[in-house]
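S.K.: This structure is in structure tokens; I'll ask about it shortly.
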Amino acid sequence: MTPTAKLRFVNGKETFETGHVTSDGHRFLGVRYVHKLQQWWEPEQNIIDRVTGKTQGEWRDVPLEQEQE
């Protein structure tokens, strides 16, 4: 797969454990909204892809770096 210059932002929901537990042992789950950057990856093109104009591929999340102070 080859990365392309196509990028997009997507919004979604992500669940996480809050760390709180009820008296009967159930864990509280929280929901947060996330804004992710994705990049389009596609396989090496062959002659059929160029003729038909159909390109298969997938969107992948771009890992974000945390700068250290």
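S.K.: Restricting attention to region 51-69, which residues are surrounded by 10 or more Cβ atoms within 10 Å (Cβ to Cβ) and either modelled with pLDDT under 85 or in contact with a Gly (Cβ under 8 Å, 6 or more places away or on another chain) (or both)? Explain how you work it out, then say what you get.
M.R.: To start, the set of residues in region 51-69 that are surrounded by 10 or more Cβ atoms within 10 Å (Cβ to Cβ) comprises 55, 57-62.
Passing the criteria: only T55.
S.K.: Among the residues of region 1-33, write down those that are among the aromatic types (F, W, Y) and more than 16 Å from the chain's Cα centre (by Cα). Explain how you work it out, then say what you get.
M.R.: In the first step, residues of region 1-33 are kept if they are among the aromatic types (F, W, Y); the result is 9, 16, 28, 33.
Correct list: F16, F28.
S.K.: Does any residue in region 29-45 that is farther than 20 Å from E17 by Cα and at pLDDT 90 or above come within less than 6 Å, Cβ to Cβ, of a residue that is polar (S, T, N, Q) and in a strand (DSSP E or B) six or more places away or on a different chain, and which pairs are these?
M.R.: W40/T4
S.K.: Of all residues in region 1-28, how many are surrounded by 10 or more Cβ atoms within 10 Å (Cβ to Cβ), at pLDDT 85 or above and of a type in the set (A, V, I, L, M)?
M.R.: 2
S.K.: Could you check how many residues of region 16-32 are more than 19 Å from P63 (Cβ to Cβ) and part of a strand (DSSP E or B)?
M.R.: 10
The values are calculated or read from the model by the stated rules, or taken from the named source; none is laboratory data. Worth saying up front: this structure is predicted, and the values here are computed from it rather than measured. A quick note on method: Cβ atoms are made from the backbone with ideal geometry, for glycine too, and the neighbour counts reach across all protein chains shown.
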